[in-house]
Structure formats: structure tokens, C-alpha cells
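Asker: Take this structure, written in C-alpha cells, and hold onto it; I'll ask about it next.
No lab work stands behind these numbers, since they all come straight from the coordinates. This structure is a prediction, so every number in the text was calculated from the model and none was measured. Cβ coordinates were reconstructed from backbone atoms using ideal geometry, including for glycine residues, and neighbour counts include every protein chain displayed.
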Amino acid sequence: MDQTAIFIDMGGNTTIDFTGSVTVDVHQVWDPSFGDNRVDHTVQQKAYCNEAVMQEWIERNWKPTVDGCRLLILDSLKVHKMNSVREALEGNCTQVEFVPPGITGISQPMDVAVMKPFKDAVRRFYRQYHIDHPFPTSTTEKRALLSRFVAEAWDQVTDQTIVRGFVKAGIVPTGPRDELGRFRVSDSFDEAPIVENA
């Protein structure tokens, strides 16, 4: 799992209004139900992943599977290491491992192979759209449009790209595979000797 910033509005420190205005009103919207339904939107006042955002992601997206437990590789972001987050993940049959600080660019599969082509695709969709269409006039339209670009860009990320990220990061499962090529370890091995304490 990895987070990445995709900016909806590049809000600066300057607000523009008519000359002579005594005050300038600023409206903030904290509604994650905008945009393409293929994208899971999460909002946080300071635009970073805090404990509430992480817990929401676990609740909404990281569900146990019938295939068994999973491994989740996280970077060393402080929120990832919180006991509440680890307990929630372990409660969902997940083993958590952390990428040491400073080496995510070489050992985090998403950073190694996925994020650059993904963000390049978002930029390409953005440029291509604006060649033929006017810029959105409202923040709501901008968010919906960028959400669509994110969904379309993610659709272009292939399974092979993700696998390549794991291979380049040196995170490759080895061992038995099922008939579909998925990595599997059976619950017990009949041919394995049983060692008893004497």
C-alpha cells in the first residue's frame, strides 16, 4: 500500500476578490463522495494520511479474503506504525512489514514501478482533455474531472507493471503455486516428517 498526492486544486496562500473588499470568504468542502465511483476518495483537513484516514481505508478497502492471510508492506510513516492501525490490520488477517526509512524509492513496489507511469497518465489525460475542452469553472467540476483522470490512469496500470515493481524491489514469493499460478502454501504437508520432542 502506498499513498500519493494527486492535486485537485493548487490552492495558494493568496485569495483574490474585488478591490475594496473588507473580507474574503473561503469555503472548504470535506465531502469524499465526489467524482468517479472507481476511485475511493478520502479527505483530511491537512491533506495527509492520519490515523482516521488510515482506519477508514482499512475499514472500507482492506477486508479479509477467503484465500487466507496476507502480507501488507508499508513505508515507515508514523501513522502506519500506530498500535491501533497494526491491530486493525492484524484483525483482518494481515501481517504487516515496514520498509525502512530512506529506501522506499528502491524497496517499495509502488514507488519502484507504478507511481511514475500512473502520474504520467494522469497528466496526459489532463492535457489531452484541456486541448479540446474548457477548464472547469467550479471546484466540484475540477474534482470530478480529476477523479475521472485518476480512474482512467489506474485502469492503464497493468498487472505486469505491479509484478515488475515487486520483482525490482526484491519482494518475490517463492514456493509452490496452484494451477492458476498463484503462490500457495498448503496447510499441511503429508510428506513432511513429524519431529517429536524425545
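Asker: With (1) among the hydrophobic types (A, V, I, L, M, F, W, C); (2) under 16 Å from the mean Cα position of the chain (by Cα); (3) over 24 Å from Phe34 (Cβ atoms) as the list, and Val122 as the residue in question, which single condition is left unmet?
Answerer: (3)
Asker: Pull up the stretch 156-176, narrow it to residues that are touching a residue at least 12 places away in the same chain (Cβ under 8 Å) and charged (D, E, K, R), then point me to the one that is farthest from Asp36 (Cα to Cα). Lay out the reasoning, then the answer.
Answerer: Just the residues of the stretch 156-176 that are touching a residue at least 12 places away in the same chain (Cβ under 8 Å), to begin with: 156-157, 161-162, 164-166, 168-171.
With the extra rule that they be charged (D, E, K, R), the set shrinks to 164, 168.
Numbers: Arg164: 27, Lys168: 31 Å.
For the stretch 156-176, the residue satisfying everything is Lys168.
Asker: Determine whether the stretch 69-92 contains at least one residue that is in contact with a strand residue (DSSP E or B) (Cβ under 8 Å, 6 or more places away or on another chain), on the phi > 0 side of the Ramachandran plot and either surrounded by 13 or more Cβ atoms within 10 Å (Cβ to Cβ) or of a type in the set (D, E, K, R) (or both). Outline the logic, then answer.
Answerer: Our first condition is that a residue be in contact with a strand residue (DSSP E or B) (Cβ under 8 Å, 6 or more places away or on another chain); within the stretch 69-92, this holds for 69-76, 80-81, 86, 89-90.
Now narrow it down to the ones that are on the phi > 0 side of the Ramachandran plot: none.
No, because not a single residue in the stretch 69-92 is in contact with a strand residue (DSSP E or B) (Cβ under 8 Å, 6 or more places away or on another chain), on the phi > 0 side of the Ramachandran plot and either surrounded by 13 or more Cβ atoms within 10 Å (Cβ to Cβ) or of a type in the set (D, E, K, R) (or both).
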